[in-house]
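Presented below is the structure to which this report refers.
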Amino acid sequence: SDNHKKNVSLQWFERKKGYRMYDIISAICDKWRERKKEYEKYPSRVGLAHNKVAFFYNSVKEISNIVNQMPDTSDVEVLCAKTELHEATVPCYSKGFNPEKQIHFMTSAYFTGMDIDEKIHFGLVVFVGSNSASYLAYSSKTVKQALGRFRGGYANTAFITDGKVKD
């Protein structure tokens with residue numbers, strides 16, 4: 001589709017020893033929240049309008065740990081498998097994509113069957129993965145499938161890996 005760039009900006013972060021995944025994700029969230037504040041202050045800076053960030057992370061437990069540590073979750077939603085357990089225990093659990101939120105955590109159980117409206121453009125799509133467990137590894141097919149859900153497009157893609165990348 002025309003909304004998806006043929007050549008997207010790609011960033012690769014490898015988690016070093018001593019850095020918690022929360023620290024990295026929190027820093028990214030802070031940066032994009034600042035972009036939103038700057039856009040609200042100076043709407044003429046059109047590029048800052050795309051300040052939504054999506055994190056694809058295939059671990060509900062890890063997402064819950066991260067969200068539970070965040071001091072402000074008013075702009076956060078977690079999209080994962082629809083189960084009674086998740087509804088009851090996952091912080092910021094959402095039954096469906098909420099365009100009012102800025103920070104969206106998604107698991108593969110959620111992103112395989114949904115599309116994000118073409119009016120919504122994301123500033124950053126982040127894949128948090130690892131080769132330590134098969135459910136945390138992303139194939140190129142999975143990445144393409146996930147990125148294809150953003151009907152309104154996205155500006156940047158980043159990968160955060162837990163340790164060394166094998167493939």
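Some points to look at:
- With the simple spin-label model, which puts each label point 7 Å out from Cα in the Cβ direction, the Leu85 to Ser134 separation comes to 1.9 nm.
- Amide H contacts of Phe55 (H built 1.01 Å from N, under 5 Å, at least 5 apart or other chain): His104, Phe105, Met106, Val126
- The overall shape of the range 40-113, judged from the alpha-carbon gyration tensor, is prolate: a/c is not under 1.5, and a/b is greater than b/c.
- Three-way shape label, the range 77-167, alpha-carbon gyration tensor, a/c 1.5: oblate
- Those trypsin sites (Lys or Arg not before Pro) in the range 94-156 that DSSP places in a loop and that have at most 12 other beta carbons within 10 Å: Lys95, Lys119
- Restricting attention to the range 16-167, close to 0% of DSSP beta bridges with both partner residues there are antiparallel.
- Amide H within-cut-off set for Arg151, under 5 Å, with H built and near neighbours excluded: Ile116
- Rounded to the nearest whole Hz, the Karplus-based 3J(HN,Hα) values (6.51 cos²θ - 1.76 cosθ + 1.60, θ = phi - 60°) of the range 67-76 follow the sequence 5, 5, 8, 6, x, 10, 10, 5, 10, 10, with x at glycine and proline.
Where a number appears in this text, it was derived from the coordinates with a stated rule and is not lab data. Note that the structure is a prediction, hence the values are computed from the model and not measured. When we count neighbours, we look across all protein chains shown, and the Cβ atoms used for this are built from the backbone with ideal geometry, even at glycine.
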